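Only one structure is covered here, and it is reproduced in the block below.
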Amino acid sequence: MATKYTYTEKKDTRSGFGDGLLELGRSNPDVVALCADLVGSLKMGAFIKEFPDRFFQIGIAEANMMGVAAGMATAGKIPFTGTFANFSTGRVYDQLRQSIAYSEKNVKVCASHAGLTLGEDGATHQILEDIGMTKMLPNFTVVVPCDYNQTKAATIAIAEHEGPVYLRFGRPSWPIFTAPDQKFEVGKAVHMIEGSDVTIFATGHMVWNAIEAEAQLADEGISAEVINIHTIKPIDREAILKSVSKTKCAVTAEEHQANGGLGESVAQILVRNQPAPVEFVAVNDQFGESGKPVELLDKYGLGVQDIVAAAKKAISRKG
């Protein structure tokens, strides 16, 4: 049985952010944008061209950018900060905690070049801890969309969400497989494929790998359910429990450390409510390295075959 999801085009998710930001600029005059000297990488050029008075180039001073954004939020603006994920979290964690999370400032921390698929820039830039860092902060919402269309929709949606948001997206061209006119609901998982033998919960770029894994499993007579967990916090507890009550086992797939990520959140829900076998497809306590995005996913155990193997292992552990 072949998957119903196909694609005819690839595009980077960071371009979804840039295009969503431009639409927001046209529809919401309170939206402002800040950048730490990475306008091209964050695809903010169109917003700047159309709304030059609502853009603020802070330079290579990311901690200052977060403080400025917090101040703007206090004045009623909706600031969208833009820099690499490594600089959006690791370099500014004190500011995220003290200036934004603690006082519930309405700041949207928009982070590109996340995970292994950053590729050739290597370990120093391939942050794999950012989901854990941000989901642990009280008041923060954490969103990780899966393709260009969903990233654009998420960018627009978080402007209406009151409070701090961490929006994570990436650098590489990736399959576009979700609808261009989709409605993005913060905290509401998307049921991609129905199945009965195992549930695959995936986020970000790994949703496409999960879809491809489902097709391979189907060819072997294994029915996998695929659910896109685009919001890590608040996570869709109801969707997780409903699915695993049917399949009795699960796999989580994410471009992040196993410690602190999606898998940890899913396992925590299951162990408290509905114990079931869970296998993690994630980076296992390692730093990345320079390389091609897909080759790095395969090397670090995040490839399609790794999801297939994890699904079979989870099934073997049932009852």
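The values are calculated or read from the model by the stated rules, or taken from the named source; none is laboratory data. What you see is a predicted model, and the numbers here were worked out from it, not measured in a lab. Please note: Cβ atoms are built from the backbone with ideal geometry, for glycine as well, and neighbour counts cover all protein chains shown. In case anyone asks, the SASA skips ligands and DNA or RNA and just uses the protein heavy atoms, side chains included. Shrake-Rupley method; radii C 1.70, N 1.55, O 1.52, S 1.80 Å.
Filter the range 1-43 down to the residues that are within 26 Å of PHE177 (Cα to Cα), of a type in the set (S, T, N, Q) and open to solvent by less than 50 Å² (accessible area, probe 1.4 Å) and list them by number.
THR3, THR13, SER15, SER41
Looking at the range 289-304, which of its residues are open to solvent by less than 70 Å² (accessible area, probe 1.4 Å) and either of a type outside the set (Gly, Ala, Ser) or in contact with a Ser or Thr (Cβ under 9 Å, 6 or more places away or on another chain) (or both)?
Selection gives GLU289, PRO293, LEU296, LEU297, TYR300, LEU302, VAL304.
When you go through ALA46, ALA70, ALA63 one by one, which is the residue that is open to solvent by less than 30 Å² (accessible area, probe 1.4 Å), of a type outside the set (Ser, Thr, Tyr), out of contact with any strand residue (DSSP E or B) (no Cβ under 7 Å at 6 or more places or on another chain) and in a helix (DSSP H, G or I)?
From the options ALA46, ALA70, ALA63, the qualifying one is ALA70.
Could you pull out the residue among GLU23, GLU50 that is acidic (Asp, Glu), touching a residue at least 40 places away in the same chain (Cβ under 8 Å) and over 27 Å from GLN126 (Cβ atoms)?
GLU23
Give the residues of the range 53-83 that are of a type outside the set (Val, Ile, Thr), over 20 Å from GLY18 (Cβ atoms) and either without any contact (Cβ under 8 Å) to a residue 40 or more places away in the chain or touching a helix residue (DSSP H, G or I) at 6+ places or on another chain (Cβ under 9 Å) (or both), sorted by residue number.
ALA61, ALA63, ASN64, MET66, GLY67, ALA70, GLY71, ALA73, ALA75
If I filter the range 155-177 down to residues being part of a loop (DSSP other than H, G, I, E, B) and out of contact with any strand residue (DSSP E or B) (no Cβ under 8 Å at 6 or more places or on another chain), which single residue comes out as least open to solvent (accessible area, probe 1.4 Å)?
PHE177
Restricting attention to the range 79-108, and to residues there that are open to solvent by less than 20 Å² (accessible area, probe 1.4 Å) and polar (S, T, N, Q), which single residue is farthest from LEU297 (Cα to Cα)?
ASN106
Which ones in the range 28-42 are under 12 Å from CYS110 (Cα atoms) and without any contact (Cβ under 8 Å) to a residue 40 or more places away in the chain?
None; the set is empty.
Testing ASP197 on (1) under 27 Å from ASN139 (Cα atoms); (2) open to solvent by 10 Å² or more (accessible area, probe 1.4 Å); (3) in contact with a strand residue (DSSP E or B) (Cβ under 7 Å, 6 or more places away or on another chain); (4) among the charged types (D, E, K, R), one condition comes back false. Which one is that?
Exception for ASP197: condition (1).
Is it the case, given these coordinates, that ALA111 is under 27 Å from HIS191 (Cβ atoms), open to solvent by 10 Å² or more (accessible area, probe 1.4 Å) and not in a loop (DSSP other than H, G, I, E, B)?
In short, no.
Show the residue pairs meeting these rules: Cβ distance below 9 Å; 6+ apart or different chains; first residue within the range 188-213 and polar (S, T, N, Q) and at pLDDT 95 or above; second residue open to solvent by 10 Å² or more (accessible area, probe 1.4 Å) and assigned to a helix (DSSP H, G or I).
SER196/LYS246; THR199/LYS246; ASN209/VAL304; ASN209/ASP306
If you take the residues of the range 214-224 that are more than 12 Å from VAL198 (Cα to Cα) and under 25 Å from the mean Cα position of the chain (by Cα), which of them is least open to solvent (accessible area, probe 1.4 Å)?
Across the range 214-224, the extreme among qualifying residues is ALA215.
May I ask you to list the residues in the range 289-315 that are in contact (Cβ under 8 Å) with a residue 24 or more places away in the chain, part of a loop (DSSP other than H, G, I, E, B) and closer than 11 Å to GLU255 by Cα?
TYR300, LEU302, GLY303
Sort out which residues of the range 84-108 are of a type outside the set (Phe, Trp, Tyr) and outside any helix (DSSP H, G or I), and write them in order of number.
Hits for the range 84-108 are GLY90, ARG91, VAL92, SER103, GLU104, LYS105, ASN106, VAL107, LYS108.
Going through the range 113-169 one residue at a time, which ones are among the basic types (Lys, Arg) and under 20 Å from GLY263 (Cα atoms)?
LYS135, ARG168
Tell me whether the range 255-277 contains one or more residues that are out of contact with any helix residue (DSSP H, G or I) (no Cβ under 6 Å at 6 or more places or on another chain), surrounded by fewer than 24 Cβ atoms within 10 Å (Cβ to Cβ) and at positive phi.
Among the residues of the range 255-277, not one is out of contact with any helix residue (DSSP H, G or I) (no Cβ under 6 Å at 6 or more places or on another chain), surrounded by fewer than 24 Cβ atoms within 10 Å (Cβ to Cβ) and at positive phi, which makes the answer no.
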